[in-house]
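Taking it in order: structure first as structure tokens, then the write-up.
The values are calculated or read from the model by the stated rules, or taken from the named source; none is laboratory data. This one's a predicted model, so the numbers in the text were calculated from it and none came from an experiment. Backbone-built Cβ (ideal geometry, glycine too); neighbour counts: all protein chains shown.
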Amino acid sequence: MKKQLPKLLQTTLASAVERRIYVVRGHKVMLDSDLADLYEVETKVLLQAVRRNVERFPNDFMFQLDVNETTNLRSQFVTSSLRHGGRRYLPYAFTEQGIAMLSSVLRSKRAIQVNIAIMRTFVKLRELLKTHKDLAEKIEALENKYDKNFRVVFKVIYKLMEKDELPKQKQIGFRK
């Protein structure tokens, strides 16, 4: 039987993965430094393994961020600048397929467990987006269905608002 991470560690790992997924160029990606942190290796070690197997990582699996993308990401989370001993090169972003390919390059037990957690998180995100899409479509269908009925009600309300006064009604009660 395969040994798995304890449930608490799996949950913690999953939440750590969720916080590190960004959208860049329309793709959900994770940065090389975040992946290295999760795999518990140095970023340069992770990138060395990738460079040794570069044919496994086409542009739709991994790409290097440009200066503007890096600046935008740095404004979203606090990282050190180049002037203060930070990274001296632009980070790499790995798509879901690129992260899956990392499992064939990094062979440690930790890498396997982290990849499983990452893949589960991506699947969960896809399901969540699908649910939101389905819900939005249902709401739109309801709006279209009931919009005609409410249009009539609103027309009556607007007509009533246009009139300066409502017709005076006879008072009810005792008169002196």
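Please work out which one of (1) in a helix (DSSP H, G or I); (2) closer than 25 Å to E127 by Cβ; (3) at pLDDT below 90 is the condition G98 fails and give its number.
If we test G98 against (1) in a helix (DSSP H, G or I); (2) closer than 25 Å to E127 by Cβ; (3) at pLDDT below 90, just (3) comes out false.
Output the qualifying pairs, or none if there are none: Cβ atoms under 9 angstrom, residues six or more apart or on different chains, first residue in segment 99-124 and touching a residue at least 60 places away in the same chain (Cβ under 8 Å) and at negative phi, second residue of a type in the set (D, E) and buried (at least 20 other Cβ atoms within 10 Å of the Cβ).
Note: pairs meeting the criteria are I118/E96; F122/E96.
For residues that are more than 19 Å from T121 (Cβ to Cβ) and of a type in the set (K, R), scanning just segment 1-24, find the one that is modelled with the lowest pLDDT.
Here is the first cut: in segment 1-24, the residues more than 19 Å from T121 (Cβ to Cβ) are 1-3.
Right, trim to of a type in the set (K, R) and you get 2-3.
Details: K2: 47, K3: 50.
This residue is K2.
Just name the residue that is surrounded by the most Cβ atoms within 10 Å (Cβ to Cβ) out of those in segment 25-60 that are more than 20 Å from E127 (Cα to Cα) and under 15 Å from the mean Cα position of the chain (by Cα). Walk me through how you get there before you give the answer.
Keep residues of segment 25-60 that are more than 20 Å from E127 (Cα to Cα), which gives 25, 31-60.
Of the ones still in play, those that are also under 15 Å from the mean Cα position of the chain (by Cα) are 25, 31.
Values: R25: 11, L31: 22.
For segment 25-60, the residue satisfying everything is L31.
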